[in-house]
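These notes concern the structure reproduced below.
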Amino acid sequence: MSAQQVTRPPAAAKPLRWAADAVSTMREGARLRLDYSAPSLWRVDRMIEGIRREETPYDAVESVLRGLGAYAGEVIARQTGAEWWASGGDHWIRTPDGRLWDPIDEARRCYAGDGSLRLLCRDACA
């Protein structure tokens, strides 16, 4: 176990797993390499936009969106030192300045045509 895993709060366990699953799924299924960098969120936004354009039913992509949102949250956490917070089954990122961000909901908003994980990361990291 790495030092980063040891010091992560318990609220990070599920989002870390969801993000890792999304990275693996995108690599194997879509041949899309995600490296936990802010620029990689351009590719994630485009991927979600493509899914939306195909009119894939929400129920069929709900877990993928959750994973991609968790991936974006993990990008923010790694860029800013933010931590995952959880309550009632919802997960957020809390940046060191105390602001809360909801990247999983932002992924859902992207699917609806009204969001951007790249812009969320930009704002959270500013």
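The values are calculated or read from the model by the stated rules, or taken from the named source; none is laboratory data. Because the structure is a prediction, the values reported are computed rather than measured. Positions of Cβ are generated from backbone atoms using ideal geometry, with glycine treated the same way; all protein chains shown enter the neighbour counts. In case anyone asks, the SASA skips ligands and DNA or RNA and just uses the protein heavy atoms, side chains included. Shrake-Rupley method; radii C 1.70, N 1.55, O 1.52, S 1.80 Å.
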**Asked** Just one of Ala107, Ala77 is among the hydrophobic types (A, V, I, L, M, F, W, C), under 14 Å from the mean Cα position of the chain (by Cα), part of a helix (DSSP H, G or I) and closer than 18 Å to Pro10 by Cα; which is it?
**Response** Ala77
**Message:** Can you confirm whether Arg31 is loosely packed, with under 13 Cβ neighbours inside 10 Å, charged (D, E, K, R), assigned to a helix (DSSP H, G or I) and modelled with pLDDT under 95?
**Reply:** no
**Message:** For the range 80-100, which positions are part of a strand (DSSP E or B), of a type outside the set (Ser, Thr, Tyr) and open to solvent by 60 Å² or more (accessible area, probe 1.4 Å)?
**Reply:** Glu83, Trp85, Asp90, Trp92, Arg94, Leu100
**Flag if Gly89 is closer than 24 Å to Pro10 by Cβ, more than 15 Å from the chain's Cα centre (by Cα) and modelled with pLDDT under 95** = yes
**Fill in**
So, first residue within 15 Å of Glu62 (Cβ to Cβ) in the range 92-108, second residue open to solvent by 70 Å² or more (accessible area, probe 1.4 Å) and not hydroxyl-bearing (Ser, Thr, Tyr), Cβ within less than 6 Å, six or more apart or across chains; the pairs are Ile104/Arg66
